[in-house]
Amino acid sequence: MQILADLQRRFCDALRAPETPPEELLAELIDDGHALARFDVYRNNFIVLNGDALAEMYPSVQRLIGAQAFRLLATAYVRRHPPRERALLLYGAEFAEFLREIPELAALPYLPDVARLEYAWTAAYHAADATPITQAEVTRAGTETLASARLKPHPSLRLIDSRYPLYRIWQNNQHESDDLVSLDEGPSRVIVNRPGRQVEVREAGVGEFVLMRALHAGGSVQHALAQAIDTDPEFDLSDFFSRRLFDGTFVAINNKPKEE
Amino acid sequence: MMETVKVFPSGPTPDAWIPTRAGVGLKAQHYANVIEQRPDLGWFEVHPENYMAEGGPALGYLERIRMDYPLSLHSVGTSLGSHRPLDRVHLSRLKALVERFQPGLVSEHLSWSHGRDWFTHDLLPLLYTEASLQNVVRHIDEVQETLGRRILIENPSSYLQFKRSEIPESEFLVEAARRSGAALLLDVNNVYVSCMNHSWDIAAYLAPIGAELVGEIHLAGHAVQELEGFTLRIDDHGSPVAPAVWELYRLCIDRFGQVPTLIEWDSNVPDFAQLMQEANLAERLLIPTAETLSHANPG
């Protein structure tokens, strides 16, 4: 077993290492003069299979920097952050942070935010299912209870704020559009949710975003609304009560005292 | 010295059984085709790891398709050949999917992907020694115990060999199956790819494999890589099945009998019609009378 363990560790180290010949492993292989070329099939598979998973998760990042640059970054990422899960569904969680540290990408400061949004999209896609709260539940709870209640967000709900016009950048890269987005358009707040089969991505006003964030953090409806109005005096309360409450953003009304 | 071999049931209820027909690997881009057109196919196969999500539409699509077709789960993440212990969390997720989808067959590869505290997500070649065999058998036992059913083990495609290996690959495979009570999933493309890459004799490779062990066959395309002075065949599931592999498939049907056969196509995924064409080709070889039968029994 020790031999098997040593060999497998050596194999993994050689897979992850850059393109130098892995002498320790090569000594274990039958040498027909092509041992390195044979091993390189595995080294290449490791980079390509996991790099493909990243490319699938980050199509807009890839479009913004080009396939070739993406492939180089993906290769470096796979080596630095090899998969920690047996399923590849959510591989690439650290990609946004990774991009932030690449000096050559300093001219594209919004890129990590695009990556955050794309990760949120896939995480929302695979998140647990849940049934939205209904008008009847709200009526049953009554206005007073609702004010002091907390709302359980859909498990897929993700909130992303950016100093850059993230929503427009992301949207432009959904339809091969070549419209230019000016960074002067300013900050953007994006809400990602999957109430049914479709992942929904929309831009929120600052008031609504503050409201969602307070509710997401477990604050009461009253408290969250107060924060929203505080931040944005023009925040539209009626939109929240007539639409957002029932559109699948929330799945339960919780009027018990806060537990966590 | 012979250890007792547990006998596990090979499948759940009869409606879940995989028919002796051709099936295809189900791809996300084909969900709509399958649900809307209900193609005349025997069965589908998926990687359970692609459905190990907490929820979401993919599970819903699979549930819908399972209502119309038998399903096989073909795992890629168990890492049966790893020196590390199997992951109980992964096994419990696999068990949950088996309970939910009632697959007719459950299979995994004779390989490993977990050598450090991270995963390669590639199917890596195993050392063929007695110690390694005991390790793999222990792991197959554990999977079968957890799932409460027999699994199938697939022969790998490989590109290199270890000096320390002592047992020919197909003997290792057969012995692993014999000791654990598992069946074999014979990947005919992998047989061809590995035999070509290592200059192994195909007939000698197939010789130790008894017909009673083979419960499923895989077919796929491979790439041919010309390197300086030699050729490597790469099992990339990215093209139609090669003529030489069809030829070998014909031979395998003669030898192992009519076995449910799957077309795998995982990279450069074609439109569904082309996948159906490959499945129809396989079915014509698998059941030579299929055409006459379908004419005799329309609908």
J(HN,Hα) series, the range A:236-251, from Karplus relation 6.51 cos²θ - 1.76 cosθ + 1.60, nearest Hz, glycine and proline x:
8, 4, 5, 4, 5, 6, 8, 10, 4, 4, 10, 8, x, 6, 10, 10
Report the dimensions of the range A:110-260 along its three principal axes from the alpha-carbon atoms, largest first, rounded to Å.
50, 35, 28
For the range B:14-296, what is the percent of antiparallel DSSP beta bridges, rounded to the nearest 5?
20 percent
Using a basic spin-label model with each label point 7 Å from the Cα along Cα→Cβ, how many nm lie between A:Ala27 and B:Glu99?
4.9 nm
Can you give the angle from 0 to 90° between the axis of helix A:111-126 and the longest principal axis of chain A, with both taken from C-alpha atoms, to the nearest 10?
80 degrees
Within the protein assembly as shown, the percent of DSSP beta bridges that are antiparallel, given to the nearest 5, stands at 45 percent
Only Cα pairs under 8 Å and at least 6 apart count here; give the relative contact order of chain A as a rounded whole percent.
18 percent
Quick one: putting +1 on the C-beta of Lys and Arg, -1 on the C-beta of Asp and Glu, what dipole do you get for chain B around its Cα centre, in Debye to the nearest 20?
580 debye
What does the charge count around A:Ala141 come to, taking other residues whose C-beta lies under 14 Å from its C-beta (Lys +1, Arg +1, Asp -1, Glu -1)?
+2
With everything on Cα atoms, drop me the angle between helix A:67-80 and the longest principal axis of chain A, reported from 0 to 90° to the nearest 10.
80 degrees
Residues with amide H under 5 Å from that of B:Tyr69, placed H, sequence gap 5 or more
none
Within the set A:Asp230, A:Asp178, A:Asp239, GNM on chain A using Cα springs under 10 Å gives the largest fluctuation to A:Asp178
For the range A:1-108, what ratio Rg/Rh do Cα atoms give with a Kirkwood hydrodynamic radius?
1.04
Amide H contacts under 5 Å for B:His218, placed H, 5+ residues apart:
B:Leu186, B:Asp187, B:Val188, B:Leu262
Heavy-atom accessible area per residue - the range A:1-108, 1.4 Å, Å²
48 Å²
With Cα springs under 10 Å, the Gaussian network model of chain A assigns the largest mean-square fluctuation among A:Ala106, A:Ala115, A:Ala149 to A:Ala106
Assuming a ≥ b ≥ c are the square roots of the Cα gyration tensor eigenvalues, decide whether chain B counts as rounded (a/c under 1.5), prolate (otherwise, with a/b larger than b/c) or oblate.
rounded
List the GluC sites (Glu not before Pro) in the range B:34-142 that DSSP assigns to loop (not H, G, I, E or B) and whose Cβ has at most 14 other Cβ atoms within 10 Å. Which are they?
B:Glu54
Just to confirm, what accessible area per residue do you get for the range B:14-296 at 1.4 Å probe, in whole Å²?
38 Å²
Heavy-atom accessible area order for B:Met67, A:Met1, largest first, 1.4 Å probe:
B:Met67, A:Met1
With springs only between Cα atoms under 10 Å, which of A:Ala147, A:Ala87, A:Ala53 fluctuates most in a Gaussian network model of chain A?
A:Ala87
Using just the alpha carbons, could you tell me how many Å³ per residue the convex hull of the protein assembly as shown encloses?
192 Å³
What aspartates and glutamates sit close enough to A:Lys256 to cross-link, taking a C-alpha to C-alpha distance under 18 Å and skipping anything fewer than 8 places away on the same chain?
A:Glu137, A:Glu144
In square angstrom to the nearest 100, the accessible surface buried at the A/B interface, both sides summed with a 1.4 Å probe, amounts to 4500 Å²
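The values are calculated or read from the model by the stated rules, or taken from the named source; none is laboratory data. Keep in mind that what you see is a predicted model, and the values were worked out from it rather than measured. A quick note on method: Cβ atoms are made from the backbone with ideal geometry, for glycine too, and the neighbour counts reach across all protein chains shown. Surface areas here come from the heavy atoms of the whole protein model, side chains and all, with no ligands, DNA or RNA. Shrake-Rupley method; radii C 1.70, N 1.55, O 1.52, S 1.80 Å.
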